[in-house]
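Each remark here refers to the structure printed beneath this line.
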Amino acid sequence: MKLHEYQSKRIFARYGIPIPEGEVATTPEEARALAAQLGRPVVIKSQVLVGGRGKAGGIRLAHTPEEAEAVAREILGMEIKGLPVRKVLVDEAAEIRAELYLGAVLDRQHRRIAVMASSEGGVDIEEVAARSPEKIVTVRPHPLMGLQDYHARSLAFGIGLPKEHVRAFTQIARGLYQAFVENDATLAEINPLVITGQERLLAVDGKIVLDDSGLARHPDLAALRDPDEETPAEREAREHGLSYIQLDGEIGCMVNGAGLAMATMDVVKLYGGSPANFLDIGGGARAEQVAVALRLILGDPRVKAVLVNIFGGITRCDEVAQGLLQAMEAVRPQVPFVARLVGTNEEEGRRMLQEAAFPIFTATSLVDAAQKAVAAAKGEPIP
Amino acid sequence: MSILVGKETRLVVQGITGREGTFHTRQMIEYGTQVVAGVTPGKGGEWAVDNVPVFDTVAEAVKATDANTSILFVPARFAPDAILEAADAGIQLVICIAENIPALDMARVRAYLETTHTRLIGPNCPGLITPGQAKVGIMPGHIHTPGHVGIVSRSGTLTYEVVYALTARGIGQSTAVGIGGDPIVGTSFLDVLQMFQEDPQTEQVVLIGEIGGTDEQRAAQFIAEHMTKPVTAFIAGQTAPPGKRMGHAGAIIAGGEGTAAEKIAALRAAGAQVAHHPEEIAELVARNLA
């Protein structure tokens with residue numbers, strides 16, 4: 001789960017990381033009042049969960065409260081990469097002498113937190129990594145010991161930080177690591193970390209991505225979820241314990257197991273279709289899960305056919321078929337269905353679907369199922 | 001032979017008296033697995049699933065029954081504790097089924113396990129099975145058949161698919177290992193490939209990967225440098241959008257890294273055959289036998 005810049009920076013501040021003075025506004029008038037209160041030039045920053053806000057015109061300077069109001073009015077009316085701007089952060093404008101990068105990320109390969117610093121801040125770190133990897137210095141503290149001061153010093157000296165800033169930098173690096181660990185982050189980034197005209201270090205922009213698996217023990221953080229981060233259907237799925245991701249194709253997919261669900265999407269694409277969603281209904285495929293899943297899929301108006309791909313293991317195919325038929329009885333779908341049930345009692349499961357009151361095309365192989373679903377979505381005769 | 005589990009496996013089930021624990025213990029016993037003990041704190045001295053003795057701690061269970069392998073049916077929030085308890089009791093192989101364990105917990109657990117002789121499989125995995133000998137997991141046992149194809153996979157049902165298709169063709173399996181779909185797991189593709197390469201029963205290997213991370217790329221490097229047995233691979237998630245977690249916590253393309261395309265390219269370059277879709281895997285394996 002992603003946090004907004006203002007939420008991330010508030011967390012950083014709790015760990016002793018200096019952030020600009022500022023507050024969130026939801027109306028132009030509020031932005032004006034905040035700017036007046038700060039009494040100096042401000043930066044108006046759109047709070048949306050996508051990158052490239054600056055390039056899209058979503059981050060702008062304002063010299064007076066009047067200008068702050070006007071700028072906030074424009075930004076609050078914007079959409080950035082499809083996301084409406086509902087909030088702006090009104091921050092004091094810092095005088096920037098140099099821009100650095102300091103970030104921490106879950107390093108899967110080394111199974112540790114990697115802390116990275118660069119003298120090239122203010123740009124995407126992936127860009128720096130691609131262009132001049134030697135400008136990124138990385139340390140990977142032992143998970144049972146955490147970040148030590150020498151780690152921070154080696155980052156500071158490694159990026160050529162003037163020595164008068166090393167002590168403050170060390171504090172910030174420790175705070176960042178602690179914030180990462182205590183909040184179960186997978187990414188925590190200060191970009192840029194600025195050296196100001198007053199020779200101070202300041203976290204001008206911040207970003208935190210949280211580990212979804214850690215949210216259960218951080219209810220306060222879970223409550224920060226931005227409803228714009230997921231579609232209403234995705235939210236409903238999450239609340240029912242289903243994994244659902246909306247895509248822009250026309251073949252609805254209902255599958256048990258994440259790997260099989262991805263593979264099913266791949267096969268649909270391989271045979272000329274395009275998947276409308278990723279959906280994992282879990283191992284058991286119980287009737288009520290299936291019903292919720294069907295409602296979600298059919299709630300997407302782009303869906304022109306549904307492909308059901310279930311492997312029956314400990315849950316038998318005839319049980320799955322029964323669950324599917326019960327769910328269809330309740331939901332009454334108007335689009336063609338192609339179902340492939342494989343595994344334990346597959347013949348019985350297939351027979352039940354073929355004899356059902358609904359027109360369900362059955363398939364024996366995944367390729368066969370994908371071809372039938374693609375044809376059905378195009379309104380062509382089913383092969 | 002086969003790897004990791006077999007006739008010599010003496011299994012302790014942590015969380016044996018819970019619903020899942022009881023259900024799957026029965027299934028494992030029916031398959032022929034030697035389940036020698038269960039552990040549920042506070043229920044020591046009782047019996048579970050007909051005649052399995054229950055202990056309060058793993059250490060007691062090991063002392064009384066010489067258990068050497070453990071499987072955990074405990075909720076995610078208790079799983080790190082249970083893994084460490086098993087390791088400190090001297091269990092050699094721990095299998096963790098639970099999903100949604102925070103990644104940083106696993107980073108700490110893994111770091112600790114490196115100071116012990118315990119190997120962890122999972123979390124977020126179906127477990128592993130050596131057909132005809134021992135099933136230590138939640139997979140449907142009856143679809144497997146003993147044979148010479150080693151399987152290693154990040155996905156549950158996708159593995160069952162492949163096993164089912166192999167068995168239907170009369171092609172048996174040596175051991176099928178589900179290493180789990182989380183970003184940090186106890187045992188990697190590389191570890192299992194190494195074991196299959198050394199296992200005399202295994203004649204060829206199926207590797208089922210997915211988007212996210214770079215574990216498949218390191219597997220590819222090992223295949224290129226050390227594998228003499230043929231490897232058939234499949235990577236799920238070719239159509240997955242970047243930045244979205246596709247069910248498994250580990251299945252996410254982050255910072256442009258971990259795409260299916262780069263994994264497939266690495267595996268092909270290493271000399272593995274890469275199937276276009278899951279059903280092609282059994283076909284390619286059969287062709288190696290022809």
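The values are calculated or read from the model by the stated rules, or taken from the named source; none is laboratory data. Given the structure is predicted, the values throughout are model-derived calculations rather than measurements. Note that we place each Cβ from the backbone using ideal geometry, even for glycine, and neighbour counts take in every protein chain shown.
Structure values in brief
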quantity: So B:V74, is it out of contact with any Lys or Arg (no Cβ under 8 Å at 6 or more places or on another chain), aliphatic (A, V, I, L, M) and part of a helix (DSSP H, G or I); calculated: no
quantity: Scope the stretch B:29-46; condition without any contact (Cβ under 8 Å) to a residue 12 or more places away in the chain and under 10 Å from B:I16 (Cβ atoms); matching residues; calculated: none
quantity: Evaluation of B:L267 against (1) over 21 Å from the mean Cα position of the chain (by Cα); (2) crowded, with 21+ Cβ neighbours inside 10 Å (one fails), failing number; calculated: (1)
quantity: Of the criteria (1) surrounded by fewer than 24 Cβ atoms within 10 Å (Cβ to Cβ); (2) farther than 13 Å from B:S70 by Cβ; (3) over 16 Å from the mean Cα position of the chain (by Cα), which one B:A87 fails; calculated: (2)
quantity: Output for the stretch A:194-233, where each listed residue is more than 14 Å from chain B (Cβ to nearest Cβ) and farther than 25 Å from A:V85 by Cβ; calculated: A:I195, A:T196, A:G197, A:Q198, A:E199, A:R200, A:L201
quantity: Enumerated helices (runs of 4 or more DSSP H) restricted to the stretch A:74-184, each holding at least 1 residues that are touching a residue at least 40 places away in the same chain (Cβ under 8 Å) and within 14 Å of chain B (Cβ to nearest Cβ); calculated: A:125-131, A:166-182
quantity: Qualifying residue in the stretch B:28-42 (condition: assigned to a loop (DSSP other than H, G, I, E, B), over 23 Å from B:V177 (Cβ atoms) and either at pLDDT below 95 or not small (G, A, S) (or both)); calculated: yes
quantity: The stretch A:331-375, residues that are crowded, with 23+ Cβ neighbours inside 10 Å and closer than 14 Å to A:E250 by Cα; calculated: A:F337, A:V338, A:A370, A:K372, A:A373, A:V374
quantity: Residue in the stretch B:90-100 that is farthest from the other protein chains (Cβ to nearest Cβ), counting only those that are within 16 Å of the chain's Cα centre (by Cα) and part of a loop (DSSP other than H, G, I, E, B); calculated: B:Q92
quantity: Matching option when the condition is among the aromatic types (F, W, Y) and under 25 Å from A:E348 (Cβ atoms), among A:F278, A:F311; calculated: A:F311
quantity: Scope the stretch A:304-316; condition at pLDDT below 85 and in contact with a strand residue (DSSP E or B) (Cβ under 7 Å, 6 or more places away or on another chain); matching residues; calculated: A:G312, A:G313
quantity: In the stretch B:110-123, residue surrounded by the fewest Cβ atoms within 10 Å (Cβ to Cβ) [restricted to those that are facing another protein chain (nearest Cβ under 9 Å) and of a type outside the set (S, T, Y)]; calculated: B:A111
quantity: Of all residues making up the stretch B:125-142, the number that are within 12 Å of chain A (Cβ to nearest Cβ), surrounded by 18 or more Cβ atoms within 10 Å (Cβ to Cβ) and more than 9 Å from the chain's Cα centre (by Cα); calculated: 5
quantity: Qualifying residue in the stretch A:1-24 (condition: loosely packed, with under 14 Cβ neighbours inside 10 Å, at pLDDT 95 or above and under 26 Å from the mean Cα position of the chain (by Cα)); calculated: yes
quantity: Qualifying residue in the stretch A:185-202 (condition: over 30 Å from B:T115 (Cβ atoms), of a type in the set (A, V, I, L, M), more than 26 Å from the chain's Cα centre (by Cα) and surrounded by fewer than 19 Cβ atoms within 10 Å (Cβ to Cβ)); calculated: no
